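> One structure is given below, represented as structure tokens, and several questions about it will come after.
Each value in this text was obtained by applying a stated rule to the coordinates, not by laboratory testing. Treat the numbers as computed from the prediction; the structure is a model and nothing was measured. Because the Cβ atoms are built from the backbone with ideal geometry, glycine has one as well, and the counts that use them run over all protein chains shown.
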Amino acid sequence: QVQLVESGGGLVQAGGSLRVSCTASGRTFGYVMGWFRQAPGKEREFVASISWNGASTYYADSVKGRFTISKNNAKNTMYLQMNSLIPEDTAVYYCAARSSVGLSTSSASYNYWGQGTQVTVSS
């Protein structure tokens, strides 16, 4: 059984930076990991994904150039560094893991989810 726990959310002013983390427990060897977010009244949307070894990443157009996904397998932890934040980035951020290959952008393809962490960007 895989468990994912996010941390690091909070309140930040527009233009600021924030890093959220996701620590995994259980067997995640070979898993693709991803970040999704859900704003109030909106559907959950893909943010970024990363391969098991960290060599491949993929980003949503809305965050490309501002967000960076990374991971440290020795610590079983994935990160999302968010820079140049804008109010539209306000959402609950979820980490997810999938046992199949491929940097999928579909939430339905991910097997495991964390509980989410709130990120609020004030204008």
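> With an 8 Å Cα cut-off and a minimum separation of 6 or more residues, compute the relative contact order for the chain in percent.
Once divided by the residue count of the chain, the mean separation gives 36 percent.
> Right, here's the next one. Mind listing the phi-derived Karplus ³J(HN,Hα) values for the stretch 25-36, rounded to whole Hz, using 6.51, -1.76 and 1.60 with θ = phi - 60°, and x for any glycine or proline?
Values per residue, Gly and Pro as x: 10, x, 7, 10, 4, x, 6, 7, 10, x, 10, 10 Hz.
> Still on this model: Using the Karplus curve 6.51 cos²θ - 1.76 cosθ + 1.60 with θ = phi - 60°, what ³J(HN,Hα) values do you get for each residue of the stretch 37-48, in whole Hz, with x for Gly and Pro?
9, 9, 8, x, x, 10, 6, 5, 10, 5, 10, 6
> Return the long-range amide H neighbours of Tyr112 (sequence gap of 5 or more, or a different chain), with a cut-off of under 5 Å between placed amide H atoms.
Those lying under 5 Å, H to H, from Tyr112 are Ala97.
> Continuing with the same structure: Can you compute 3J(HN,Hα) from phi for each residue in the stretch 73-79, using the Karplus curve 6.51 cos²θ - 1.76 cosθ + 1.60 with θ = phi - 60°, rounded to whole Hz and x for Gly and Pro?
5, 5, 9, 6, 10, 10, 10
> First select every other residue whose beta carbon is under 11 angstrom from the beta carbon of Thr28; then total the charges, Lys and Arg +1, Asp and Glu -1.
Taking every Cβ under 11 Å from that of Thr28, the sum is +3.
> Further question: What do you get when you divide the Cα radius of gyration of the chain by 2.2 N^0.38 Å, with N the number of residues?
So the chain has a normalised radius of gyration of 0.97.
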